[in-house]
Amino acid sequence: MAFDSDAVRAFTSEQAGFTREDAISSGLLLTGAPAKGTALIELEHRTAEGEALLGDAKDTLFALLFGDASTETRLDRVQQELLTLAVPRSKADALDFMRASTELAAAGTWQDPNSVSNDERADNVLLEVQFGETSDEIVGNAIVAALSVINNLEINEQVLYARMINIEESTLIS
């Protein structure tokens, strides 16, 4: 992957704030794709360029979370953080490339003000991944950018819930 802090910053700069409207106007997502907050966006709803960007975003997220010398990821990670994602169980396979994650069942209760995708007692999955962060927190910013791309090109949630918290102590820290 040859991923370093310059590559992290470049990815974040290019993809920060990526929206569904950006995906459609850039010719990455076809206008017939399922409405936001409904079904998973499948391959037939993305152009080749959209599929390539989705692959890049997933590779970037993998490098940010799990990258090390074996993947030529060179980041000066100085602290541990925990990423928690909430995804509908039916869409969790979109993130199946994430290794070393903990999966927990959770019932959603989110109410959509536009009544497109209410999640009353929805079958959700919480994914938790511990990762190393840099002193200037560029990893967390890039994770948000990568998840925005992945959500708008595949997962298709109105709100993809993700949070990162600093871990003071853990048995995973060597």
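Scanning the stretch 18-45 for residues that are in contact with a Leu (Cβ under 9 Å, 6 or more places away or on another chain), in contact (Cβ under 8 Å) with a residue 60 or more places away in the chain and surrounded by fewer than 17 Cβ atoms within 10 Å (Cβ to Cβ) gives ASP22, PRO34.
Hey, can you tell me all the residues within the stretch 63-72 that are in contact (Cβ under 8 Å) with a residue 60 or more places away in the chain and surrounded by fewer than 20 Cβ atoms within 10 Å (Cβ to Cβ)?
PHE66, THR71, GLU72
Looking only at residues in the stretch 142-174 that are of a type outside the set (A, V, I, L, M) and part of a loop (DSSP other than H, G, I, E, B), the one that is modelled with the lowest pLDDT is SER174. Set side by side, the residues ASP56, ASP93, ASP76 differ, and just one is among the acidic types (Asp, Glu) and closer than 21 Å to PHE18 by Cβ, which is ASP56. Would you say GLY37 is over 26 Å from THR134 (Cβ atoms), at pLDDT below 90 and touching a Pro at 6+ places or on another chain (Cβ under 9 Å)? Judged against the criteria, GLY37 is not a match.
List every residue pair whose Cβ atoms lie under 7 Å apart, where the two residues are 6 or more positions apart in sequence or sit on different chains, the first residue falls within the stretch 76-87 and is of a type in the set (D, E, K, R), and the second residue, located anywhere, is surrounded by 15 or more Cβ atoms within 10 Å (Cβ to Cβ) and not in a strand (DSSP E or B). Listed by first residue and then by second, the contacts come to GLU81/GLY140.
Taken across the stretch 23-46, residues that are at negative phi, part of a helix (DSSP H, G or I) and either in contact with a Ser or Thr (Cβ under 8 Å, 6 or more places away or on another chain) or of a type in the set (Phe, Trp, Tyr) (or both) do occur, with at least one present.
The values are calculated or read from the model by the stated rules, or taken from the named source; none is laboratory data. What you see is a predicted model, and the numbers here were worked out from it, not measured in a lab. Glycine gets a Cβ as well: all are built from the backbone with ideal geometry, and neighbour counts include every protein chain shown.
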